[in-house]
Amino acid sequence: MNVTLRVWRQENGDHAGRMVTYPVDGVSPDMSFLEVLDVLNERLTLAGEDPVAFDSDCREGICGSCGLVINGVAHGPKELVTACQLPMRTFADGEVIEVEPWRAGPFPVIKDLVVDRGALDRIIQAGGYISSPTGTAPEAHSVLVPKRDADAAFDAATCIGCGACVAACPNGSAALFLGAKITHLGLLPQGQPERRSRALGMIGQHDAEGFGGCTQIGECTAVCPKGIQMHVISRYHRDVLGALRHRDT
Ligand code: SF4
Ligand code: FES
């Protein structure tokens, strides 16, 4: 395959960016999208040019670092995969493919396609954890969890913190991420002691970081590579309201 990449190049947050066109030939349909960026970068490096900066780590859909907007869609046109899992056979031979970073105020561009997603880490630091001792593995197994809750908590825990939901949301909201984390921990017995402080801490940090409010548009679920659904947002609303009621009484 031969493709033409139109890639967002931006020296850093203080400089304006622009799209730069790069033809890439000899692409295998079995390559992942990131492997095509690797091929491009090898050629740029050999030519003495600055390679395109982009994030990646696991390259198997686990770490959440490879956030790219491809042809206007967070993680690209294939559902339920991250950019690192996106095969080139998804595209037509000769296609022009646009590649941009996540676009959201709380995710400032560091360079080219790399943005700072530290805002999501700070939301986790504001309450997205369990601090009560859960004991050793046998002891943990002695805490019974209804199968339905265990399954729902596991589904929510598959959120990899990639930020695609924010990039797709017209409001720039991280509500789906927030909902996934609050649902994951709030469904487990070990998550109950801090349930109220967790909800208030995380939503407070979400707003302080400049993420927008959720107006139930649903663009987030269309791009989430892990299939997280809108009901997690209802659950976090319920936990926040419950915590506010408790605080005011
Ligand atoms: S909810 Fe989905 S899109 Fe949002 S951060 Fe988690 S995995 Fe990524
Ligand atoms: S590189 Fe880890 S999810 Fe893509």
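The shape of the chain comes out prolate: with a ≥ b ≥ c from the C-alpha gyration tensor, a/c is at least 1.5 and a/b beats b/c. Under a Gaussian network description of the chain, with springs only between Cα atoms under 10 Å, the residue in CYS169, CYS63, CYS220 that fluctuates furthest is CYS63. On full extension, the segment bounded by ARG247 and ALA222 gains 5.5 nm, given 0.36 nm per residue less the C-alpha separation.
Expressed as a fraction of 2.2 N^0.38 Å, the C-alpha radius of gyration for region 64-171 is 1.41. Between the alpha-carbon centres of region 174-199 and region 1-54 there is a gap of 39 Å. Dividing the summed helix terms, -39500 (n - 2.57) for each DSSP H run of n ≥ 4, by the number of residues in the chain produces a 222 nm estimate of -11000 deg cm²/dmol to the nearest 500. Around the amide H of GLY76, modelled in the peptide plane, lie the amide H atoms of ILE70, all under 5 Å away and 5 or more residues distant in sequence or on another chain.
Sequence-distant contacts, meaning Cα pairs under 8 Å at least 6 residues apart, place the relative contact order of the chain at 19 percent. Projected onto its three principal axes, the C-alpha set of region 3-111 covers 37, 33, 23 Å, listed from the longest axis down. When the chain is treated as a Gaussian network with alpha carbon springs shorter than 10 Å, the biggest mean-square fluctuation among CYS214, CYS58, CYS224 belongs to CYS58.
What you get for region 1-79, charging only the Cβ of Lys and Arg (+1) and of Asp and Glu (-1), is a dipole of about 300 debye around the Cα centre. Projecting the Cα atoms of VAL240, THR158, ILE203 onto the charge dipole of the chain (Cβ charges, centred on the Cα centre) puts VAL240 farthest toward the positive pole.
Cα-based values for region 133-195, radius of gyration first and Dmax second, are 14.2, 46 Å. Remark: region 117-248 carries a charge dipole of roughly 160 debye about the Cα centre, counting +1 on each Lys and Arg Cβ and -1 on each Asp and Glu Cβ. Each Lys and Arg adds +1 at its Cβ and each Asp and Glu adds -1 at its Cβ; summed about the Cα centre, the chain shows a dipole of about 1120 debye.
All of the numbers you see were taken from the coordinates with simple rules; none came from a lab. Note that the structure is predicted; figures quoted are calculated from it, not measured. Heads up, the Cβs are rebuilt from the backbone with ideal geometry, glycines too, and the neighbour counts pull from every protein chain shown.
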